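Everything below concerns the one structure shown next.
The values are calculated or read from the model by the stated rules, or taken from the named source; none is laboratory data. Because the structure is a prediction, the values reported are computed rather than measured. Here Cβ is always computed from backbone atoms with ideal geometry, including for glycine, and neighbour counts include all displayed protein chains. Ligands, DNA and RNA are stripped out before the accessible areas are found, and what is left, the full protein with its side chains, is counted by its heavy atoms. Shrake-Rupley method; radii C 1.70, N 1.55, O 1.52, S 1.80 Å.
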Amino acid sequence: MLCLTSGCFFASTSFLPSSFSMYAISLASGLFLLDKPAAAISVAVIGVILGWPFSILAFLPVTLYSLSRKFKQAFIAAAVTSILLLALSIVMDFYYYGKWTSSVLNLLIYNVAGGGESHLYGTEGPLYYLRNGFNNFNFCFVLALLFLGILPIAKKKYAPDLLIVISPIYIWLGFMSLQPHKEERFLYPVYPLICVAASAVIESFPDLFRSKYNPYDRSIIVTVAKVMRPVVLSLILYASHARTFSLINGYSAPLEVYKILEHHDAENNSVLCVGSEWHRFPSSFFIPDYVGQVRWIDDGFRGLLPIPFNSTLGGTASAPPYFNNKNMASDKQYLHDVDACTFLVELQLERPYLTRGSDLSTWEPIAALPYLDRELSPALYRSFFIPYLWQEKNVFGMYKLLKRRTT
């Protein structure tokens, strides 16, 4: 499940702080189960300081129990690791920012004090992570949530150590569900624990029907429960493959479109423009050298977006005037002269309005790839690949790379 569930498949290759925290939680949990509390708490500190500071909540159960088990060893390991990493972080911050500060502390203060208007980037209801969890882990997620239900039956096997390791699932889900701004990546740290919890439940299927007075019960129902273990695992892995296939084939167009730039000739210092598709811009890694700038054009988004780095303003040690602590849009983040755009990337869906790229007298399509239209496609068919029905039932738009026509 760690290899093949869609959630782990995508989270493990994401270059994100939450992915790093996910690796750290996996390692810390493993060390804790191997009765190495000092090593487990050191890894937890690394995951929080070098990874994602907010993941401290997910590390709390293992950290607190490690301290209660071998306080002296665990405390010294945590203190030494914290001091070394914070010192290293502060020195690096000074090198790049030109002043003594702590980016880790600043991040925590900024978010706890409510500095950023995160709702600008979208809000979701309290059930978002439950739906998202099922999409990425299907029945594995359902079984993981049932872990507490089978605990009274399998208490001797799983309490307290495995319960301590798995408890962050419930803590993290509850905490994150209360936040108005939600993103799939916020759940990454507990993804491996979902697989562990589901595995424990699957392994305990026979215990649900075995008499507590006869641990060697070989009745028909116990035998059927044993057979169900590989059946359920196969069902989970099949559904995971269906989800992964749907994501790759339905939503990979942004990655593929930008790659095409590498195989297209244009003048040096060309300008690549992106409008409402700013949130699917993968990274400058895919942008060839002949593209001098990637610029945003105003399509109505009112949040702050990345702005091209300007070394003349003081390099990394400067705070340009258009930055603000409310994530509010700056007029300087947009390219107002759209005629300066050499290339344009946009998503064209079946909507009752025209897009910029619809003007074929101005723009010439050089690449167009299908992109699954979430709003017009049924939830079941867009979420999971069902042979023969996925393409038939879903609606697709076109993700386009366009080039300005020369006159």
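Kindly indicate the residue of the stretch 157-179 that is assigned to a loop (DSSP other than H, G, I, E, B) and out of contact with any helix residue (DSSP H, G or I) (no Cβ under 6 Å at 6 or more places or on another chain) and also surrounded by the fewest Cβ atoms within 10 Å (Cβ to Cβ) among those meeting that condition.
Among them, the one singled out is Leu178.
For the stretch 331-370, which positions are of a type in the set (D, E, K, R) and farther than 25 Å from Asp265 by Cα?
Result: Asp331, Lys332, Glu350, Arg351.
Can you name the condition, by its number, that Ala44 falls short on among (1) open to solvent by 20 Å² or more (accessible area, probe 1.4 Å); (2) at pLDDT 95 or above?
Among (1) open to solvent by 20 Å² or more (accessible area, probe 1.4 Å); (2) at pLDDT 95 or above, the lone unmet condition for Ala44 is (1).
Tell me which residues, restricted to the stretch 47-78, are hydrophobic (A, V, I, L, M, F, W, C), more than 21 Å from Pro160 (Cα to Cα) and open to solvent by less than 40 Å² (accessible area, probe 1.4 Å).
Val48, Ile49, Trp52, Ala77, Ala78
Regarding Ile248, is this residue among the aliphatic types (A, V, I, L, M), under 20 Å from the mean Cα position of the chain (by Cα) and part of a helix (DSSP H, G or I)?
yes
Every residue in the stretch 1-19 that is open to solvent by 40 Å² or more (accessible area, probe 1.4 Å) and hydroxyl-bearing (Ser, Thr, Tyr), please.
Ser12, Thr13
(1) free of Cβ contacts under 8 Å to residues at least 60 places away in the same chain; (2) within 16 Å of Leu173 (Cβ to Cβ): which one isn't true of Leu60, the others all being true?
(1)
Kindly provide the set of residues from the stretch 20-41 that are surrounded by fewer than 20 Cβ atoms within 10 Å (Cβ to Cβ) and under 20 Å from Leu108 (Cα atoms), ordered by number.
Phe20
Is it fair to say Lys182 is in a helix (DSSP H, G or I) and either under 24 Å from Val232 (Cα atoms) or not polar (S, T, N, Q) (or both)?
No.
Under 6 Å between Cβ atoms, at least 6 apart or on separate chains: pull out the pairs that start in the stretch 360-373 with a residue that is under 29 Å from Leu247 (Cβ atoms) and end on any residue that is of a type in the set (Val, Ile, Thr) and open to solvent by 10 Å² or more (accessible area, probe 1.4 Å).
Matching pairs, first to second residue: Ala367/Ile260; Asp373/Val395.
Is it fair to say Met92 is in contact with a helix residue (DSSP H, G or I) (Cβ under 7 Å, 6 or more places away or on another chain) and either more than 24 Å from Pro168 (Cα to Cα) or in contact (Cβ under 8 Å) with a residue 24 or more places away in the chain (or both)?
When the stated conditions are applied, Met92 does not pass them.
Just need a number here: residues in the stretch 370-386 that are within 24 Å of the chain's Cα centre (by Cα), open to solvent by 50 Å² or more (accessible area, probe 1.4 Å) and among the hydrophobic types (A, V, I, L, M, F, W, C).
3
So which residues in the stretch 213-251 are touching a residue at least 40 places away in the same chain (Cβ under 8 Å) and either assigned by the TED database to the domain that holds Glu277 or under 30 Å from Phe281 (Cβ atoms) (or both), if there are any at all?
Within the stretch 213-251, Ser240, His241, Ala242, Arg243, Thr244, Phe245, Ser246, Leu247, Asn249, Gly250, Tyr251 qualify.
Since Tyr128 meets every condition but one in (1) among the aromatic types (Phe, Trp, Tyr); (2) surrounded by 15 or more Cβ atoms within 10 Å (Cβ to Cβ); (3) closer than 30 Å to Thr316 by Cα, which condition does it not meet?
Answer for Tyr128: the failing condition is (3).
Would you check which residues across the stretch 135-156 are open to solvent by less than 70 Å² (accessible area, probe 1.4 Å) and under 21 Å from the mean Cα position of the chain (by Cα) and list them?
Answer for the stretch 135-156, where residues must be open to solvent by less than 70 Å² (accessible area, probe 1.4 Å) and under 21 Å from the mean Cα position of the chain (by Cα): Asn135, Asn136, Phe137, Asn138, Cys140, Phe141, Val142, Ala144, Leu145.
Specify which of the listed residues (Phe20, Phe15) is in the same structural domain as Ile166 (by the TED database) and not in a helix (DSSP H, G or I).
Selected residue: Phe15, the only one of Phe20, Phe15 that is in the same structural domain as Ile166 (by the TED database) and not in a helix (DSSP H, G or I).
Would you say Val196 is part of a helix (DSSP H, G or I), of a type in the set (Val, Ile, Thr), crowded, with 18+ Cβ neighbours inside 10 Å and touching a residue at least 12 places away in the same chain (Cβ under 8 Å)?
It is true that Val196 is part of a helix (DSSP H, G or I), of a type in the set (Val, Ile, Thr), crowded, with 18+ Cβ neighbours inside 10 Å and touching a residue at least 12 places away in the same chain (Cβ under 8 Å).
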